[in-house]
Amino acid sequence: MACVSVLLEELIRSLGLWDFPCGPGPWKLSAGEDPQSLLDLLDCPSSPWYQEPTWSPQALTLRRKAVLSPKALSRNSVYKHLTALRLMDQGVCVLDSGLLKLSNLEELVLSANQLQEVPAPLLPASLTVLELRNNLLSSLSSLTAQPPPRLVYLGLSSNPLGSALDVCSLTGAHWPALLCLDLSFCDFENQRVLLRALSSLPCLRSLLLEGNPCSLGSSYPGLTLDVLPQLSHLDSEWVRAEEKEAFGGMALLTGAEQEKACVTVHIGRLRGLPDPPQSSDYPLLSFSYHVSYLFLPDSAPDGQKMKSESECEGDVTEENPEKNSEKNPEEAESHRQAPGVCEVCSPAHGSIHSSCSLPWSECMDFNETHHHSVCDLRALKSFLRRGICVRVEEDKTLSWPAASEDTAPKAASKEPKGAKGKDTPNKGASTKDKGKDKKKRAPPELVQDPPIRAVLGSVHVPLHSLLHTGHKVALCCDFGLQGPETPETAKEVGQMVKEKKDEDSKRGASGKKAATAKGKAKSVKEADGVSVWGPPEPLTVELCVQLARWQSAAEASQELGLSL
C-alpha cells in the first residue's frame, strides 16, 4: 500500500537537493562567486538536470535555494518550506503521521487515489484547502474528528458519500470557516435534510451539488437557493439576484418534501427508410413503423398511459414483452434475433415505451413528448449514467381473402348422379353477361395475420451530461443505411403463400413477382436516359431528453396545487 510519507520522501529525493548541481559539493569551488552557471543547468530545458515537478509549486524554489544557500538547507527546513502538496493519481491508500512534518502546509490535494478514510488528527492544522476528489471515501466520521480549524475549501466530489451520518458531518460545528464545499457527483438523495445541515455553515458562499440524486429533482436548484440565500456561487455558476427573488418562498411548500424528477423524452422526425415492398398478389403486405426506447421500470404514475398506448389502436403493448411473446411468438423471435440490438435494450434493464405507429413516408413526424415521473432518484442517476437505448421497429402485416362460398372446394360443385337430363345453364350465353357479373362482385373481405415485428436498428444514446445542471440531450440518432428487401424476406413470404395455397404453390412460386424496395438513393438528374444517383440517406430519428425543473416558486406551487 502506498503511504503518503514514503511517497513524499521519494519525491523530495528526486529533486537532487544534495547532488550536482545543487548542494554543498566540490563543484561549488569551480563555480566561484557566481552560481549562475549552476542555475542555468537547472533552468535550461535541454539540460539533463532540468525538471518540471508538478507535485508542489515550491519544488523549483527548493532546487534554486539548494544552489544559492546549500548550507542553510536541511531535511527539516525542506518540510517547512512546502506549503502545497499535490499527489494526484499516485495510488495513495494510507495517510500517516508523516504529513505532520509539513507544519506550514496550506494546500493538500489527494485526488484520484484509493483513500478509504482520512483521519483528521493526521492533517496539519495549517491546512486551508483539502481536495479529496475521486477517492473511495464512504464515510466522513474520521474526517470530522478534530478537523483543520482554518479550512476554507473542502473537495469531496466523486466519492460514495450520502448517508445520514455524512449529512450530520457537514455542519458549522465541524467546519466554522468553510467558504467552498464541493459535493458534486456523490450520492446525497434527500435535498431538504442536506440543505438543513448546510445552512448551519456560517461562511459558506460556494456550493457544488450537481451529479447527486437530489440535484435531479424538479425542485433543484430553486430549493437550494431559497434555503441558502447567502450563496453567491452554485454548481460553477454565479447566482443572480433575479434567481433568488424568483425562488423566494419555495422552502415553505410542504408538498414538495418528497423529491421527484420529471424526465421528458421527445421523439421527432424519422427519415431514411426505404420504400416498403409491394405485392400484386395475395398475401397483401402493409407496413407501419414506430420508435421505442427503454426507460426505468414503473416510472409513470399508476393509471397514466403513454400516448402511444392510449391513442393508437392495434399497437402491440410494449410494457410487458413476455405477454406479447405468448400471443405472437413470431414477434418475440424477431426481437430476439434482430441484428444490431445492444445488450442495454434488454427489458431486464427497464420498461420499453413506444411511439404510435405510422405508415411509411419519406419523412415520418411522430412529434410525441413522453413525460416520466421518477421517485427513485438514485436509480435515475444510475440510468442516466448507463444511457438510453433507442430502436426503430417495423410491423409487417399479411392480409388474405376470407373464406367464402366462391372459394369452396370444387368437389362440392360436381353434379350429382342422375342430374344429366336436367336444365343446365345456357352455354351460348354471351361473355358480356359474365363481365357484368364480375363487375358486380364485391372485393373480397380480407383477414389479417398477426403483425411480424422486426428491429431495423438500435443505438445507444449517452445521457451522462444530464447530471450536469441545466443540460439536455438533443441529437439525431443515426441507425445507418437501410438496404432493400433481402432475399430472406422474399423466401419468408413465399413460404407463407405455400402454406396458405397448397394446391397452387408451384404456380405461385413461379408466377409471383415480389416488388423490391427502392433504395433511399434518389435520382437527382436524368439526361439522355441516364440516371445520376445521389448518396443514400441513413436512417435517422430526432430525439431530445431533458430534465424538467421548476423555474420559480410560483410554478412549483401551481404544479403542486398549493399557495405560497
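Within segment 156-180, the only residue that satisfies the criterion of being in contact with a helix residue (DSSP H, G or I) (Cβ under 6 Å, 6 or more places away or on another chain) and within 15 Å of Cys214 (Cα to Cα) is Val167.
Just one of the numbered conditions (1) closer than 21 Å to Tyr153 by Cβ; (2) at pLDDT below 95 is not true of Gln258: (1).
Screening Val532 with (1) modelled with pLDDT under 70; (2) surrounded by 13 or more Cβ atoms within 10 Å (Cβ to Cβ); (3) in contact with a Ser or Thr (Cβ under 8 Å, 6 or more places away or on another chain) gives one miss only, at (2).
Kindly establish whether Asp187 is more than 30 Å from Ala173 (Cα to Cα) and in a loop (DSSP other than H, G, I, E, B).
Working: more than 30 Å from Ala173 (Cα to Cα): no; in a loop (DSSP other than H, G, I, E, B): yes.
It is false that Asp187 is more than 30 Å from Ala173 (Cα to Cα) and in a loop (DSSP other than H, G, I, E, B).
Report yes if some residue within segment 63-84 is surrounded by fewer than 16 Cβ atoms within 10 Å (Cβ to Cβ), more than 20 Å from Arg150 (Cα to Cα) and under 38 Å from the mean Cα position of the chain (by Cα); otherwise report no. No, the conditions are met nowhere in segment 63-84. Answer with yes or no whether Leu115 is assigned by TED's automatic domain parsing to the domain that holds Trp55, at pLDDT below 90 and over 20 Å from Pro149 (Cβ atoms). It is false that Leu115 is assigned by TED's automatic domain parsing to the domain that holds Trp55, at pLDDT below 90 and over 20 Å from Pro149 (Cβ atoms).
To keep it simple, each residue is scored yes or no on (1) among the β-branched types (Val, Ile, Thr); (2) on the phi < 0 side of the Ramachandran plot; (3) touching a Cys at 6+ places or on another chain (Cβ under 8 Å).
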position: Val67; (1), (2), (3): yes, yes, yes
position: Lys71; (1), (2), (3): no, yes, no
position: Cys93; (1), (2), (3): no, yes, yes
position: Glu107; (1), (2), (3): no, yes, no
position: Thr128; (1), (2), (3): yes, yes, no
position: Gln146; (1), (2), (3): no, no, no
position: Tyr153; (1), (2), (3): no, yes, yes
position: Gly162; (1), (2), (3): no, no, yes
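Considering only residues in segment 226-235 that are within 14 Å of Ser184 (Cα to Cα) and out of contact with any His (no Cβ under 9 Å at 6 or more places or on another chain), the one that is surrounded by the fewest Cβ atoms within 10 Å (Cβ to Cβ) turns out to be His233.
Buried (at least 20 other Cβ atoms within 10 Å of the Cβ) and more than 31 Å from the chain's Cα centre (by Cα): does that describe Leu156? Criteria not met by Leu156.
The rows are residues; the columns are (1) among the hydroxyl-bearing types (Ser, Thr, Tyr); (2) touching a strand residue (DSSP E or B) at 6+ places or on another chain (Cβ under 9 Å); (3) not in a loop (DSSP other than H, G, I, E, B).
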{"residue": "Val118", "(1), (2), (3)": "no, yes, no"}
{"residue": "Pro124", "(1), (2), (3)": "no, yes, no"}
{"residue": "Leu130", "(1), (2), (3)": "no, yes, yes"}
{"residue": "Asn134", "(1), (2), (3)": "no, no, no"}
{"residue": "Ser138", "(1), (2), (3)": "yes, no, no"}
{"residue": "Ser141", "(1), (2), (3)": "yes, no, no"}
{"residue": "Leu151", "(1), (2), (3)": "no, yes, no"}
{"residue": "Leu154", "(1), (2), (3)": "no, yes, yes"}
{"residue": "Asn159", "(1), (2), (3)": "no, no, no"}
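The values are calculated or read from the model by the stated rules, or taken from the named source; none is laboratory data. Just so we're clear, the structure is a prediction, and the values are computed from it rather than from any experiment. Neighbour counts run over all protein chains shown; Cβ positions are idealised from the backbone, glycine included.
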